[in-house]
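Colleague: First the structure, which I've put down as structure tokens, then a few questions once you've had a look.
The values are calculated or read from the model by the stated rules, or taken from the named source; none is laboratory data. From a predicted model like this one, the values you see are computed outputs, not experimental measurements. Cβ sites come from the backbone with ideal geometry, for glycine too, and all protein chains shown count toward neighbours. All accessible areas refer to the heavy atoms of the entire protein, side chains included, with ligands and DNA or RNA removed. Shrake-Rupley method; radii C 1.70, N 1.55, O 1.52, S 1.80 Å.
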There are 2 protein chains.
Amino acid sequence: MARRSDHTREELYDLAMEAARATVEADGYRALTARNVAEAIGYSPGTLYNLFENLDDMIVHLNGRTLEALHERLSAAARTGDPAADLMALLDGYLGYLGDHPNLWSLLFDYSLPEGRDLPDWYVRKVGLVMGLVEAALAPLFGPGESEDRGNAARIVWAGLHGICSLNDTGKLRVVATQPVRAMAETLVTHFVTGLGAVRGGRRS
Amino acid sequence: MARRSDHTREELYDLAMEAARATVEADGYRALTARNVAEAIGYSPGTLYNLFENLDDMIVHLNGRTLEALHERLSAAARTGDPAADLMALLDGYLGYLGDHPNLWSLLFDYSLPEGRDLPDWYVRKVGLVMGLVEAALAPLFGPGESEDRGNAARIVWAGLHGICSLNDTGKLRVVATQPVRAMAETLVTHFVTGLGAVRGGRRS
DNA sequence: TATATATTTTGAACATCGTTTAATTTTATC
DNA sequence: GATAAAATTAAACGATGTTCAAAATATATA
């Protein structure tokens with residue numbers, strides 16, 4: 001009871017990833033089990049352990065794909081050269097993706113590896129690509145030799161934006177009626193850019 | 001094979017919460033199982049289902065206690081009336097708690113209820129208490145009739161701060177070497193307050 | 001005090017989970 | 001066609017959340 005060359009290893013990997021994606025998207029991350037994915041692709045659970053180290057590893061790979069999709073969506077935003085405006089465009093893309101794929105977004109950000117285990121390098125590199133888009137939007141505020149400051153600012157904006165969406169998503173921000181997420185994110189971005197401009201304008205002039 | 005009045009229901013609740021806390025703190029949230037907690041308090045797993053609706057419910061209760069502990073720690077910070085300084089003091093408390101109880105902090109913020117289920121009101125109220133501390137720190141920047149704006153600003157700062165710590169904790173911010181988390185948080189707070197002051201100073205003068 | 005009732009607590013069971021492994025089937029090699 | 005290598009599987013293991021009838025205790029009633 002075994003097969004071969006129905007699919008290559010790469011095809012199998014794609015099948016598994018696609019099935020995992022569909023499962024999470026349809027039924028949430030709690031439905032992402034080895035048996036569910038295996039059944040969806042017509043293989044036994046054991047086969048998945050030929051492709052991934054374990055389920056955690058599979059989730060990291062799936063999150064890697066989600067990260068790519070998010071990057072692609074954010075890349076579609078046009079660049080005007082105005083930091084605030086370009087960040088708003090990124091915000092649009094981010095919230096758009098979150099709205100279209102809430103369960104994948106949840107898995108991407110809420111999931112964390114067991115204690116001790118670190119994210120693999122190829123994953124961190126994908127994160128870096130997304131961060132690069134934020135850096136590019138902030139670029140006009142920085143001089144050519146200030147790439148480190150620029151990178152840190154990008155990380156802060158990215159993380160702040162994520163915090164708003166994350167807490168909102170899990171209901172941990174819903175203290176009495178408040179602004180919608182988009183407005184909060186806009187306020188964060190504009191105020192941060194204003195503050196950044198004030199400090200940096202002073203330093204550079 | 002049963003007992004009674006070894007402990008009252010309240011004592012049992014305390015025992016369970018304490019055992020759950022110790023388990024998470026020592027071995028991470030993945031070790032928080034019904035059987036582990038039951039064994040730690042000398043009762044059978046079934047008894048836990050007299051105290052909590054299910055494990056998710058137990059986690060929400062534990063997170064409620066964590067929230068109280070965090071609130072207590074943040075309350076200890078002295079208030080000077082200078083928003084930036086007071087926010088830094090809160091930041092100190094926040095990072096201090098995170099450093100002392102990383103696993104409890106993880107469970108508090110990374111855990112999310114299954115799709116559809118909402119956090120109970122008593123929990124949201126506890127969140128509101130913590131948010132109140134941030135609001136108090138920001139208060140000097142707002143007029144007496146602007147409590148809504150003040151609340152929104154507090155939520156934004158709180159969420160932004162959380163985003164930085166959260167992404168940092170899960171390794172999703174570690175793109176090449178960068179600032180430590182404290183510096184990022186400080187930058188976020190100062191720039192945001194600066195931006196907020198610029199906008200609001202204009203409106204009020 | 002003896003009996004009846006109500007309440008806790010439990011052990012055992014159920015379905016499911018991640019993961020491992022020996023056995024089986026297929027493919028590739030000679 | 002026989003042999004070696006590789007892929008796939010079924011079955012099993014231990015552990016999980018959760019349920020529930022039975023058992024044990026406490027309380028109320030007589």
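Colleague: What percent do you get for the relative contact order of segment B:1-128 when only Cα pairs under 8 Å and 6+ apart count?
Modeller: Values: 83 pairs, mean separation 31.9, N = 128.
It comes to 25 percent, rounded to a whole number.
Colleague: Please work out the ratio of the alpha-carbon Rg of chain B to 2.2 N^0.38 Å and round it to two decimals.
Modeller: 1.20
Colleague: How much accessible area is lost when chains A and B come together, counting both sides, with a 1.4 Å probe, in Å² rounded to the nearest 100?
Modeller: 4100 Å²
Colleague: On to the next question. Tell me, what % of the accessible area of the protein assembly as shown is carbon and sulfur with a 1.4 angstrom probe?
Modeller: Carbon plus sulfur share of accessible area: 51 percent.
Colleague: Here's a follow-up. Which angle from 0 to 90°, rounded to the nearest 10, does the C-alpha axis of helix A:83-100 make with the longest principal axis of chain A?
Modeller: 30 degrees
Colleague: At B:Ala22, with labels set 7 Å past Cα in the Cβ direction, how many nm apart are the copies from this one, shortest first?
Modeller: 4.8
Colleague: Which residues in segment B:81-110 have a backbone N closer than 18 Å to a point placed 7 Å from the Cα of A:Arg117 along the Cα-to-Cβ line?
Modeller: B:103, B:106-107, B:110
Colleague: Now, a different point. With a ≥ b ≥ c the root eigenvalues of the C-alpha gyration tensor of the protein assembly as shown, is it rounded (a/c under 1.5), prolate (a/b larger than b/c) or oblate?
Modeller: Details: a/c = 2.18, a/b = 1.16, b/c = 1.87.
The shape class here is oblate.
Colleague: Closest beta-carbon to the A-to-B rotation axis: which chain A residue owns it, and what is the separation in whole Å?
Modeller: That would be A:Gly163, 1.
Colleague: Would you list A:His191, A:His7 from the most to the least accessible area, probe 1.4 Å?
Modeller: Values: A:His191 20, A:His7 70 Å².
Ranked from most to least accessible, the order is A:His7, A:His191.
Colleague: Within 15 Å, Cβ to Cβ, of A:Leu161, how many net charges do the neighbouring residues add up to if Lys/Arg are +1 and Asp/Glu are -1?
Modeller: In short, 0.
Colleague: So, one more: Tell me the mean residue ellipticity at 222 nm calculated for the protein assembly as shown from its helices only (DSSP H runs of n ≥ 4, each -39500 (n - 2.57), averaged over every residue, nearest 500).
Modeller: -24000 deg cm²/dmol
Colleague: Go through A:57-65, A:20-28, B:111-119 and give me the packing order, highest mean Cβ count within 10 Å leading.
Modeller: Ranked by mean Cβ neighbours within 10 Å, highest first: A:57-65, A:20-28, B:111-119.
Colleague: Moving on to the next point. Which lysines, if any, have their Cα less than 24 Å from the Cα of B:Lys172, not counting same-chain residues under 8 positions apart?
Modeller: Correct list for B:Lys172: A:Lys126, A:Lys172.
Colleague: Next up: What's the average, rounded to a whole number, of partner chain beta-carbon atoms within 10 Å of each residue's beta-carbon in B:25-37?
Modeller: Counting other chains' Cβ atoms within 10 Å and averaging over B:25-37 gives 1.
Colleague: Using only Cα atoms, tell me the angle between helix B:147-169 and the longest principal axis of chain B; keep it within 0 to 90° and round to the nearest 10.
Modeller: Taking Cα atoms only, the helix is inclined about 60 degrees.
Colleague: Which residues, if any, in segment A:120-169 have at least 40 Å² less accessible area in the whole protein complex than in the isolated chain, probe 1.4 Å?
Modeller: A:Val124, A:Asn152, A:Arg155, A:Ile156, A:Ala159, A:His162, A:Leu167
Colleague: Rounded to two decimals, what ratio of Rg to Rh does segment B:27-72 give with C-alpha atoms and a Kirkwood Rh?
Modeller: Rounded to two decimals, Rg over Rh is 1.01.
Colleague: Just the accessible area per residue of the protein assembly as shown, please: how many Å² with a 1.4 Å probe? Can you show the working numbers first?
Modeller: Details: 19340 Å² over 410 residues.
Using a 1.4 Å probe on heavy atoms only, each residue of the protein assembly as shown averages 47 Å².
Colleague: Measuring from centroid to centroid over Cα atoms, what is the spacing of segment B:46-116 and segment A:73-122 in Å?
Modeller: One Cα centre to the other: 26 Å.
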